[in-house]
1. What percent of all Cα-Cα pairs in the stretch 1-108 falls in each 5 Å bin, counting up from 0?
2. For a quick check of understanding: with a 1.4 angstrom probe and all protein chains in place, what accessible area in square angstrom does residue 86 have, to the nearest ten?
3. Just how many pairs of Lys in the stretch 1-141 have C-alpha atoms closer than 26 Å, counting pairs that are eight or more places apart or on different chains?
4. Rank 343, 275, 147 by how far each Cα sits towards the positive end of the charge dipole of the chain (+1 on Lys, Arg Cβ; -1 on Asp, Glu Cβ) and give me just the farthest.
5. By how many nm would the segment from residue 34 to residue 93 lengthen if fully extended, with 0.36 nm per residue of separation less the alpha-carbon distance?
6. Rolling a 1.4 angstrom probe over the protein chains, ignoring ligands and nucleic acids, what is the accessible area of residue 320 in square angstrom, nearest 10?
7. Quick one: order 165, 338, 135 from most to least accessible surface, probe 1.4 Å.
8. By how many degrees, between 0 and 90 and to the nearest 10, does the Cα long axis of helix 148-157 differ from the longest principal axis of the chain?
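The values are calculated or read from the model by the stated rules, or taken from the named source; none is laboratory data. Keep in mind that this is a model prediction, so the values were computed, not measured. Glycine also receives a Cβ, built like all others from the backbone with ideal geometry; neighbour counts cover every protein chain displayed. To get the accessible areas, we keep the full protein, side chains included, count just its heavy atoms, and leave off ligands, DNA and RNA. Shrake-Rupley method; radii C 1.70, N 1.55, O 1.52, S 1.80 Å.
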Amino acid sequence: MKKVNGHEIIQLFEQFSPKTYAMEGDRIGLQIGRLNKPIENVMIVLDVLEEVVDEAIEKNVQLIIAHHPPIFRPLKAIATETPAGRLIEKLIKHDIAVYAAHTNLDVATGGVNDMLAEALQLTNTEVLYPTYETKLKKLVVYVPVENAEELKQVLGNAGAGAIGKYSHCSFSSSGIGQFLPGEETNPHIGQIGKLESVKEERLETIFPEHLEKRILSAMFKSHPYEEVAYDIYSLENKGKILGLGRIGDIPEMTLEEFAAHVKRCFDVKGVRVVGDMSDKVKRVAILGGDGNKYFASAKFKGADVYVTGDMYYHVAHDAMMMGLNIVDPGHNVEKVMKKGVAIQLEKMCKEKGYDVSIFASELHTDPFQFV
């Protein structure tokens with residue numbers, strides 16, 4: 001197993017949830033501390049509260065990955081007699097770094113909104129509010145015929161060749177490669193100072209821009225040549241559409257039955273409901289956190305009910321007049337990300353052979369209670 005530092009952990013995490021997915025102005029990335037240090041324990045949290053920091057200290061955590069940024073508004077001062085200042089002081093004194101992944105984790109495939117949709121058992125899901133289209137590139141690389149299949153597999157495993165629900169897609173054509181090894185070279189094929197011709201495959205495959213470093217690294221490690229001949233092209237092809245929220249289907253039930261379903265699925269003691277409890281619902285939109293801005297998108301896409309948190313009084317009136325039912329289970333249902341991210345990141349670390357422990361915070365951080 002390989003010992004790792006914080007940069008290596010975050011590089012893996014950003015393959016899953018790239019910063020480029022975040023909404024403009026969002027406060028994401030490293031917020032407190034440093035990454036250039038050994039990491040043994042990583043804790044995934046929803047909120048960075050003082051009791052959560054105490055939990056991290058007790059569990060010998062060196063890195064916290066949080067969904068809600070602890071520094072969301074610019075600080076004018078760090079006064080350690082204030083709650084915010086005391087929290088930052090405690091993190092720095094115990095050398096605990098805090099990295100925030102907010103709307104980029106909401107948008108990511110397999111991120112917060114997909115986790116929420118899965119928890120509600122939605123089927124046939126799609127993006128509710130598009131915010132990002134992945135940019136596509138093409139890799140062309142020349143490889144000896146006998147090494148081509150291995151390289152195809154390596155590139156596919158790194159994420160190249162994903163088209164829709166297909167993976168490891170590529171195209172090959174045969175030809176003759178020619179090269180003259182110079183002094184101080186160590187050619188895989190041929191001799192120094194002798195012109196060489198080799199049967200090669202021209203291998204072409206497509207990939208999303210954010211995976212470029214990962215794919216090139218995999219290519220260089222697997223390719224037999226010490227100098228790899230390759231080209232990268234930017235494409236005009238339409239990439240994958242990503243965005244906030246999800247919309248999908250459930251077996252038909254009444255709004256009252258659905259509200260009970262939401263409570264069970266998210267393990268909450270109560271929900272706020274807007275609409276006639278006898279209304280039939282089948283098409284469900286969900287958006288984690290504060291989804292007030294996007295209720296019209298839910299109606300436009302044919303949702304019978306919109307599940308989101310922090311619903312405002314007047315927005316609820318607007319939705320009601322529009323004929324859109326609302327179920328508000330609160331902002332804290334985003335807690336599903338703790339376990340979900342921990343499982344995903346742990347899997348990625350195991351595949352890389354990293355000697356690190358990834359786990360979810362066990363603390364409940366919802367400030368609201370039902371009485």
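1. Going out from 0 Å in 5 Å bins, the stretch 1-108 shows 2, 12, 23, 25, 19, 13, 5, 1, 0 percent.
2. It works out to around 90 Å².
3. Lysine pairs satisfying the spacing and distance rule in the stretch 1-141 number 20.
4. Farthest along the dipole direction, towards plus: 275.
5. On the way: separation 59, 0.36 × 59 = 21.24 nm, distance 1.22 nm.
Computed gain between residue 34 and residue 93 is 20.0 nm.
6. 100 Å²
7. On the way: 165 210, 338 30, 135 125 Å².
Largest to smallest exposure gives the sequence 165, 135, 338.
8. The angle comes out near 20 degrees.
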